[in-house]
């Protein structure tokens, strides 16, 4: 797996040239934004169960047949598998976000995911919908634009707007998963 | 490729857990030290050719040697300095270990090359970094630590 730094190294090595100021500019920005990146990662890790549970519940609410006999989230054993997968995807997104590079997400989560879901008979449209909801929730928590959540009353630092770039980077990782399943 | 961040992420993944607070603190620590090593990498990229030439002159002195040999020596020094540049960027010794040191002893011995000459070259570079005209004190410390690491591996 790679991070933003080793990605630069691997691409410079393929050209056989040292890493100069041009390539270092983006890495310097990565270092300068380190606190935002760490805050954004925390936004995921501290809200995992909430994000995953809300996404799966949302998916079921939109397709109530899923939890009826014959549905793909019936019985609870299969619904639990769904929640588990939501958390796994969030975990790899959090790794990618911390590294500033999607390689770990690609190698260890996305690679073979679609084939696995097809083999298991997971309905792709529903899986994609759950990931979309996770993306929306994650971005909202990072940018502190989520409304109506009591736990955020009074503790919002008001700096969420500064995490906008990082939040859109996180959104791009969710989009990678969605694209892979589409 | 190992770096401070990938090490943390790999071990978190092996345990199947999210990055913990202490994981994030160790990542933060490496970011705090990053400006010095990025400066060193940037300056090294600028002076790489100069350091190579100076070291080559020092090692070969005024004796007469075949130009072809000198060119190969320059190429090797240039190669190792480039790997040090990469190490400064990743914040670990990964690039040197994986692309420079693994198998190095065997290759150098197979070609009947004297490791002492390389050691002399890198020692010369280490001792002749101009502070602060070429790089700052902190940056030079990071650079010299990696030169020492390489010298130890060659010795």
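Computed from the coordinates by the stated procedures, all read-outs in this text should not be read as laboratory data. Computed from a prediction, not measured in an experiment: that's the story for all the values here. Cβ sites come from the backbone with ideal geometry, for glycine too, and all protein chains shown count toward neighbours.
When A:1, B:104 are arranged by Cβ crowding within 10 Å, least crowded first, meaning fewest neighbours, the order is B:104, A:1.
Considering only A:130, A:161, A:43, the Gaussian network model of chain A with Cα springs below 10 Å gives its largest mean-square fluctuation to A:161.
The calculated FRET efficiency for residue A:57 paired with residue A:175, based on their beta-carbon distance and R0 = 25 Å, is about 0.70. Helix A:124-142 versus the longest principal axis of chain A: what angle, 0 to 90°, nearest 10, using Cα atoms? Between the helix axis and the principal axis of chain A, the angle is about 50 degrees.
Using only the alpha-carbon atoms, how far is helix A:48-62 inclined from the longest principal axis of chain A? Give it as 0 to 90 degrees, nearest 10. It is inclined by approximately 50 degrees. Each of B:56, B:113 was scored by other Cβ atoms within 10 Å of its Cβ. Listed from fewest to most, they are B:113, B:56.
For the range B:1-45 versus the range A:56-82, the inter-centroid distance based on Cα atoms is 39 Å.
Could you work out, residue by residue across A:39-46, how many beta carbons of other chains sit within 10 Å of that residue's beta carbon, and then give the average as an integer?
The shielding value for this peptide is 3.
Multiplying the residue separation of residue A:49 and residue A:80 by 0.36 nm and subtracting their alpha-carbon distance yields 10.0 nm. Considering helices alone, the calculated mean residue ellipticity of chain B at 222 nm is -25000 deg cm²/dmol, with DSSP H runs of length four and up weighted by -39500 (n - 2.57) and normalised per residue.
Using a cutoff of 8 angstrom between alpha carbon atoms and counting only pairs six or more residues apart, the relative contact order for chain A works out to 27 percent. Comparing B:124, B:65, B:86 in a Gaussian network model of chain B where C-alpha atoms under 10 Å apart are linked, the largest mean-square fluctuation is found at B:65. With R₀ fixed at 25 Å, the C-beta to C-beta distance from residue A:17 to residue B:137 puts the FRET efficiency at about 0.40. Which residue fluctuates the most in chain A, going by a Gaussian network model with Cα springs under 10 Å, if the choices are A:99, A:14, A:26? Greatest mean-square fluctuation among the candidates belongs to A:14. Label positions at residue B:72 and residue B:116, each projected 7 Å from the Cα along the C-beta direction, are separated by 1.9 nm.
Taking other Cβ atoms within 10 Å as a rough exposure proxy, B:142, B:66 sort from fewest to most as B:66, B:142. Computed from Cα atoms, the angle from the helix B:137-154 axis to the main principal axis of chain B rounds to 70 degrees.
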